[in-house]
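The values are calculated or read from the model by the stated rules, or taken from the named source; none is laboratory data. Nothing here was measured: the structure is a model prediction, and the numbers come from that model. Cβ coordinates were reconstructed from backbone atoms using ideal geometry, including for glycine residues, and neighbour counts include every protein chain displayed. Ligands, DNA and RNA are excluded from the accessible area calculation, which covers all protein heavy atoms including side chains. Shrake-Rupley method; radii C 1.70, N 1.55, O 1.52, S 1.80 Å.
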Amino acid sequence: MQAIQTPHYPILFNNDCYSFLQETITPDKYSKVFVVSDSNTSQLCLPNFLAQLATEVEIEILEIDAGEINKTIETCTQLWYALTEMGGDRKSIMINVGGGMITDLGGFVSSTFKRGIDFINVPTSLLAMVDASVGGKTGVDLGPIKNQVGVISNPIAVLMDINYLGTLPQNEMRAGLAEMLKHGLICDKTYWEKFLDLNELTTDDLQQLIYESIIIKNNVVTQDPTEKGLRKILNFGHTLGHAIESYHLDTEEKTTLLHGEAIAIGMVLESYISFKKDLLTLNEYTQIKEVITSIFGKTEFNQTDIENVMKLLSHDKKSEFGEVLFVVLNSIGKASFNEPVNNELITEAFHDYLA
């Protein structure tokens, strides 16, 4: 697959990734390489990655515990101390090998250590490949509140080795599909329609769909890198999805949801809101709901759950002047942003989702 060039860095694929590393990570450019991964990717992906890194620069491995629960400022502090104790300086480089939690957190640590060192993202999950590792967003959660602290800071490259997807369990692969579906819903109806019959898709189809998904996101980010306008459409499904994810993460009796699983629920709810605002047709909404629930099933919510999710909406990053603003669909393939939505309509969306 041909490299995708963003305004600030290249996105490279498969064998081109390792050629880039060999040309870039050299003793005249960098004093030390810090490779960050979590306890899962350390076992499943890191041995292959290190075997192909092939550099004379000293390498240090930094492993953190897996899971969104560890995407915290406390973990960042541990990494900052480790970088300091291991002799990290302004000419060090960090390589983040893992899913979205690792690329978000590792990018934030890199961007703030000694006021910023170079970093490379090597996403190993489907969701990280099509979303988290691309676009320059970095950050951590604040308690249960998603991505509350962070900066927009670009890597020097994003390296996509599709072979790492072979290490993923089925639920992680499914979670990554949510962001791909989102890209079709907000930008490209033809792309969305490629997912209407997943049984027909082959492995080669998946690689091409990943490539197209990255192009869609990159096109949006290029037009609005700091999310002052158009880039906000990438938050479709995330206003309610993040609140749902946070609620399940922080509620002991609830099963923790993967990011993509929560966003899938959010997309159904926010599609219903779009329908009730006379933007989507009933047929469009029905198709969206049926496609997404056929892939992800349904998660149960009672009235208390719904009320607690809505309380978390006040912390959403898209809120302005105390008002929660949503991304809505004007049709499949076209979205708009900064749409206010009242609590009655949100509750109605949950009830329709559960129906």
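Restricting attention to region 239-272, which residues are more than 20 Å from Leu345 (Cα to Cα) and of a type in the set (S, T, N, Q)? If the condition is that a residue be more than 20 Å from Leu345 (Cα to Cα) and of a type in the set (S, T, N, Q), then Ser246, Thr251, Thr255, Thr256 are the ones that fit.
Scanning region 228-254 for residues that are at pLDDT 95 or above, among the acidic types (Asp, Glu) and surrounded by fewer than 20 Cβ atoms within 10 Å (Cβ to Cβ) returns no hits. How do the strands (runs of 3 or more DSSP E) wholly within region 1-86 filter down when requiring 2 or more residues that are open to solvent by 40 Å² or more (accessible area, probe 1.4 Å), out of contact with any Pro (no Cβ under 7 Å at 6 or more places or on another chain) and free of Cβ contacts under 8 Å to residues at least 60 places away in the same chain: which remain? Here the list reads 59-64.
Given the criteria under 21 Å from Gly241 (Cβ atoms) and open to solvent by 40 Å² or more (accessible area, probe 1.4 Å), does Ile156 qualify? In short, no. Determine, yes or no, whether Asn147 is polar (S, T, N, Q), within 27 Å of Lys311 (Cβ to Cβ) and open to solvent by 10 Å² or more (accessible area, probe 1.4 Å). Against the criterion (polar (S, T, N, Q), within 27 Å of Lys311 (Cβ to Cβ) and open to solvent by 10 Å² or more (accessible area, probe 1.4 Å)), Asn147 qualifies.
Of the residues making up region 255-283, those that are open to solvent by 40 Å² or more (accessible area, probe 1.4 Å) and either among the polar types (S, T, N, Q) or within 17 Å of Lys189 (Cα to Cα) (or both) are Thr255, Thr256, Phe275, Leu279, Thr281, Leu282, Asn283. Among the residues of region 68-96, those identified as among the acidic types (Asp, Glu) and either over 19 Å from Glu56 (Cα atoms) or at pLDDT below 95 (or both) are Glu68, Glu74, Glu85.
If the condition is being in contact with a strand residue (DSSP E or B) (Cβ under 8 Å, 6 or more places away or on another chain), at pLDDT 95 or above and either assigned to a helix (DSSP H, G or I) or not polar (S, T, N, Q) (or both), then region 300-338 contributes Phe326, Val327, Val328, Leu329, Ala335, Phe337. Scanning region 1-38 for residues that are of a type in the set (S, T, N, Q) and under 24 Å from the mean Cα position of the chain (by Cα) yields Gln2, Gln5, Thr6, Asn14, Asn15, Ser37.
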